[in-house]
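Inspection log for the structure reproduced underneath, given as structure tokens.
The values are calculated or read from the model by the stated rules, or taken from the named source; none is laboratory data. Owing to the predicted nature of the structure, the values given are computational and were not obtained by experimental measurement. FYI the Cβ positions are ideal-geometry reconstructions off the backbone, even for glycines, and counts take in every protein chain you see. These area figures cover heavy atoms from the full protein model, side chains too; ligands, DNA and RNA do not enter into them. Shrake-Rupley method; radii C 1.70, N 1.55, O 1.52, S 1.80 Å.
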Amino acid sequence: MALSGEEWMAIALSLKIALVATACSLPFAVAVAWLLARRDFPGKTIFDAIIHLPLVLPPVVTGFALLVAFGRHGFIGAPLERLFGISFAFRWTGAALAAAVMGFPLMVRPIRQAFEAVDPRLERAAGSLGAPPLWRFAVVTLPLAAPGVAVGVILGFAKALGEFGATITFVSNIPGETRTIASEIWTQLQSPGGEAAALRLSLIAAGIAVCALAASEMLARRAARRSAQ
Amino acid sequence: MIEFQAFDQRRDFTLDVDFALNAGVSALFGPSGSGKSTILNLIAGLERPQRGRIALDGNVLLDTARGVFVPAHKRRIAVVFQDALLFPHLNVRRNIAFGRFFAPKDAPAIPQELVVAALGVGHMLDRRPATLSGGERQRVGLARALLASPRLLLMDEPLAALDDERKIEIMALIERLRAEFSTPILYVSHAVEEVVRLAQDVVVLDKGQVAAQGAPATALMRARGVMARERFHLASALDCALGAYDPAYDLTQFIHPSGQGALVGRVGPSGKPVRILVRATDIALATGPQTGLSIRTRLAGAVESIHADAGALAFVHVVLAGGDRLVASVTRSAIAELDLAPGKQVDCLIKSVALDERPVNEF
């Protein structure tokens, strides 16, 4: 089953978008997860709900919200483009943003749980040994939470890879720019005789997802073994 | 020198204490709920009081009146925790190197080899904390704290999670640290035996207040309210010298200004100073001549005071010849029968098998 150029393009684009989306949102996900796990502040419940919103909203609504905010005339998108020349509208960067937003709650949840499982007294012990807060986080909290972070990354990546609704609403379906595997499958299904291509791409998408899950399982096991030694 | 003054009112507990400690090993003693853990957290910088001032060697760590608060990691006060709290993802070598990494480069550093040797952790450097026993973990915890070059070592019930054998082993190690390294130690415990054995100065706490302070023997005796709840932990310490060893019965004589007695086994050379721990429940008081007793240890003194309530028990404080004080736990009925009263001469009879000794050459 040979893949056409368009199909290859969609796969490469999907991987690029998912990698960029995951890599860029990871620091934010870690920060948000830490805040939710370790800090109490006014409005925490609302903050938590907003983080989880993309999980429960129809993806089309999230895409529409992104369009309003980050579109060419959006209240964030317009100044971003004017000041920094960064544009999201109808570009692959926009697809990455949509994927990142949709995958964010899936990343935050396991990382947060991993932070909650780290004994805060270990952080205090590190402090009493002279470690400043950021160091404590870097050498105690984060390594101990590493398996959860790995799980979050894999889940976020898998979600980013398969994102469709928000992406197509926000940045449309432009071949080579925003047409990911999911968009390509949808496009194929829209055209007569495209079922075979759709099936091929579906199998590839499933394969990538299974590999990602296996990788996350392996990472989690290795981390568990390391801390038990 | 630790200067500590704090007031902190909570829902069901008010801490209001003021003390200064200036000994190689000091102790905070009191039952659970007396406030000793809170004080430890305040000194370590893990909590803040509503009002207070804490200074270490003249260096102000906290002064609520002037808005001074030095965060925990800048205080250079290392804590040895009850359950060691080693970093589970790091091996022993990295655990004990942790504090050294963050210590200021100009801090007086104790050579790692010395600490490793003193605490006997050399053979476990490549192991992970999960594979260590409780006693081994606590040794590593001590090494880790010491190698951070702290200005003060806080020990938070470091023996509470260990069995008796390990307790004795770690206690001996702490004594060794005190003798070999100059790091001052503040030892927090609710076990009289540990405090009497390790500390030179003790603050006795009760319900968030200082009940007494001073040398362990006297401070613990003065704090009667605390002790009445714990008669099995009530003990006095006597400074004695060793006498001759009797190989026929495997007993070592000891000499105290008020009399003499016997210790089990060969304890040390004649003339060596020892501090002997006597539990209040191991002492019998006698007023008349005694014959036909198995007792090997007999010390003469006079009743100083008697503390009793309506219950069955009373505590008798005895001043021994030479000035040491002893507290004995006896029944109220015995006090009536012997007609004990302040000033009355008594013999304190102690079973030799109940005596605990320790060398005091490092005092």
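Observations, loosely collected:
- Positive-end residue, the stretch A:3-49 charge dipole about Cα centroid, Cβ charges, pick of A:Ser4, A:Ala18, A:Phe28: A:Phe28
- Difference of contour (0.36 nm per residue) and Cα-Cα distance, A:Cys24 to A:Leu199: 59.9 nm
- Legend: residues A:Glu217, A:Glu123, sorted from most to least accessible area (1.4 Å probe; ligands, DNA and RNA excluded), read A:Glu217, A:Glu123.
- Largest mean-square fluctuation among B:Val140, B:Val316, B:Val121, in a Gaussian network model of chain B whose springs join Cα atoms under 10 Å apart, belongs to B:Val121.
- The distance separating the Cα centre of the stretch B:312-346 from that of the stretch A:47-81 comes to 82 Å.
- With DNA, RNA and ligands ignored, accessible area of A:Leu19 (1.4 Å probe; Å², nearest 10): 100 Å²
- With a 1.4 Å probe rolled over the protein heavy atoms of all chains, the accessible area of A:Ile50, A:Ile111 falls in the order A:Ile50, A:Ile111, largest first.
- Between B:Ala65 and B:Glu180, the modelled label-to-label distance comes to 4.3 nm, taking each label 7 Å out from Cα in the direction of the beta carbon.
- Each other residue within a Cβ distance under 13 Å of A:Pro59 adds +1 if Lys or Arg and -1 if Asp or Glu, for a net charge of 0.
- For the pair A and B, total buried accessible area rounded to nearest 100 Å², probe 1.4 Å: 2000 Å²
- Built amide H within the under 5 Å cut-off of B:Leu159, gap 5+: none
- Under-5 Å amide H pairs with B:Leu251, H placed in peptide plane, nonlocal only: B:Asp246, B:Gly265
- Most mobile of B:Asp206, B:Asp106, B:Asp339 in a GNM of chain B (Cα contacts under 10 Å): B:Asp106
- Amide H contacts for B:Val17 (H built 1.01 Å from N in the peptide plane; partners 5 or more residues away or on another chain; cut-off under 5 Å): B:Ala6.
- The relative contact order of chain A comes to 29 percent, based on Cα pairs under 8 Å that sit 6 or more residues apart.
- For chain B, radius of gyration divided by Kirkwood radius, i.e. Rg to Rh on alpha-carbons: 1.01
- Here, P(r) means the percent of Cα pairs in each 10 Å bin from 0 to the largest distance; for the stretch B:287-334 it is 23, 46, 30, 2.
- What you get for the protein assembly as shown, charging only the Cβ of Lys and Arg (+1) and of Asp and Glu (-1), is a dipole of about 1060 debye around the Cα centre.
- Of B:Gly141, B:Ser189, B:Ala286, farthest towards positive along the dipole that unit charges on Lys, Arg, Asp, Glu beta carbons give the protein assembly as shown: B:Gly141
- Surrounding net charge for A:Asp48, when Lys and Arg each add one and Asp and Glu each subtract one, Cβ distance under 15 Å: +3
- When the convex hull of its Cα atoms is projected in every direction, mean area for the stretch B:3-65 (nm²): 4.4 nm²
- Put a dot 7 Å past the Cα of A:Leu15, heading toward its Cβ, do the same for A:His73, and the two dots end up 3.9 nm apart.
- Once all protein chains are placed together, A:Thr22 keeps about 10 Å² accessible to a 1.4 angstrom probe.
- Of the whole protein surface, A:Leu83 contributes about 120 Å² of accessible area at a 1.4 Å probe radius.
- When a 1.4 Å probe is rolled over the protein heavy atoms, the share of accessible surface on the stretch B:9-123 that falls to carbon and sulfur comes to 49 percent.
- Using only the C-alpha atoms, the convex hull of the protein assembly as shown corresponds to 219 Å³ per residue.
- Largest-first ordering by accessible area, 1.4 Å probe, given options A:Lys44, B:Lys351: B:Lys351, A:Lys44
- The stretch A:99-119-the stretch B:231-309 distance, computed between alpha-carbon centres (Å): 64 Å
- The overall shape of the stretch A:79-229 is oblate: from the C-alpha gyration tensor, with semi-axes ordered a ≥ b ≥ c, the ratio a/c is 1.5 or greater and a/b is no larger than b/c.
- Springs join every pair of Cα atoms under 10 Å in this Gaussian network model of chain B, and among B:Asp16, B:Asp57, B:Asp83 the largest mean-square fluctuation is at B:Asp57.
- Taking a ≥ b ≥ c as the square roots of the eigenvalues of the Cα gyration tensor, an a/c ratio of 1.5 or more together with a/b no larger than b/c marks the stretch A:170-216 as oblate.
- Alpha-carbon radius of gyration plus Dmax, which is the widest Cα pair, for the stretch B:244-319 in Å: 15.1, 47
- Theoretical FRET efficiency, 1/(1+(r/R0)^6), r = Cβ-Cβ of A:Cys211 and B:Leu125, R0 30 Å, to 0.05: 0.15
- Gap separating the Cα centres of the stretch A:125-162 and the stretch B:56-84, nearest whole Å: 27 Å
- Occluded residues from the stretch A:114-132, i.e. those whose accessible area drops by 20 Å² or more once the chain is not alone (1.4 Å probe): A:Arg121, A:Leu122, A:Arg124, A:Ala125, A:Gly127, A:Ser128, A:Leu129, A:Gly130, A:Ala131, A:Pro132
- Residue-by-residue Karplus 3J(HN,Hα) for the stretch B:285-291, coefficients 6.51, -1.76, 1.60, Hz, glycine and proline x: 9, 9, 10, x, x, 10, 9
- Chain A - mean residue ellipticity at 222 nm from DSSP helices (-39,500 (n - 2.57) per run, n ≥ 4, rounded to 500): -26000 deg cm²/dmol
- With Cα atoms, 0 to 90° folded angle of helix A:5-38 axis to chain A main axis: 30 degrees
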